[in-house]
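Only one structure is covered here, and it is reproduced in the block below.
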Amino acid sequence: MQDNTVKPTEKAFALIDSLGKYAVMITKPEMTKTLELEMDEIREGKRMKKDVVNDSRDMLRVVFKEMTQNREEIVKSLKEAIRVDTILGTCPECGSELFLANSPRGKRFVGCLNYPTCNFSLPLPKSGRVLVTTDTCDKHPFLFKLRILKRGMKRAWDFGCPYCNFLQWGEKNGDTDTKL
Ligand SMILES: [Zn+2]
Ligand SMILES: [Zn+2]
């Protein structure tokens, strides 16, 4: 089962979800349709530009009001989605979630949410955007495979399992102090 779908769509889903819940009007096709119709009417000289602008302004006012009223809920669901996108697996040592962590010196790594009680960590490449896939490693089923999207690259690089990468790196560098 090779599923290389990139997970960050969670963010997009959450955004549409929360807008659907808390700002219904923007997600409905009617709004776009009305606006398009009105543009045509201006073009055909059936309506005054001023009226149409006023109409759109009213529509946006409703949307804005909805969003402002539900601000907290929208922020909450987006935060939750962003958290899910940075979850890289489950810690094999303590069972907590593994997440995409940043060291104070700007290095990235797989870190355990239970730190400092648990010290489990794995290195990650220095540059490029980390994309979490829904596919887990055969040898390390507690980890999601990753892809790295480097600047200027059209396709993301299949980085795979951070643990396998770490073990390979250890072999190449004569480091035998690797577990699993
Ligand atoms: Zn842990
Ligand atoms: Zn692995």
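What to note about this one:
- Top of Cys161, Cys112, Cys94 by mean-square fluctuation, Gaussian network on the chain, Cα under 10 Å: Cys94
- Segment 108-170 - Rg (one decimal) and Dmax (whole number), Cα, Å: 12.3, 40
- Distance violations [Cα-Cα > 24 Å] among Lys28/Lys150; Lys76/Lys107; Lys21/Lys79: Lys28/Lys150; Lys76/Lys107
- Zone of Lys65's modelled label, taken as backbone nitrogen in segment 15-48 under 18 Å from a point 7 Å along Cα→Cβ: 21-28, 31
- Inter-probe distance in nm under a simple model that places probes 7 Å from Cα toward Cβ, at Asn165 and Arg57: 5.2 nm
- Computed FRET value (nearest 0.05) for Leu113 with Asp158, which takes r as the C-beta separation and R₀ as 30 Å: 0.70
- Straightening the chain between Glu93 and Asn173 buys 26.3 nm, computed as 0.36 nm per residue apart minus the Cα-Cα spacing.
- Here is how the number arises for the chain: DSSP H runs of 4 or more residues each give -39500 (n - 2.57), the sum is divided by the residue count, and the result at 222 nm is -14000 deg cm²/dmol.
- Of all accessible heavy-atom area on segment 45-180, the percent that carbon and sulfur account for (1.4 Å): 53 percent
- Once the Cα-Cα distance is subtracted from the 0.36 nm per residue extended length, the Leu78 to Asp138 segment shows a gain of 18.5 nm.
- Across the chain, the convex hull enclosing all Cα atoms gives 193 Å³ per residue.
- Accessible surface for segment 103-151, divided over its residues, is 61 Å² per residue with a 1.4 Å probe.
The values are calculated or read from the model by the stated rules, or taken from the named source; none is laboratory data. This one's a predicted model, so the numbers in the text were calculated from it and none came from an experiment. Neighbour counts run over all protein chains shown; Cβ positions are idealised from the backbone, glycine included. The area values use the complete protein model at the heavy-atom level, side chains included, leaving out ligands, DNA and RNA. Shrake-Rupley method; radii C 1.70, N 1.55, O 1.52, S 1.80 Å.
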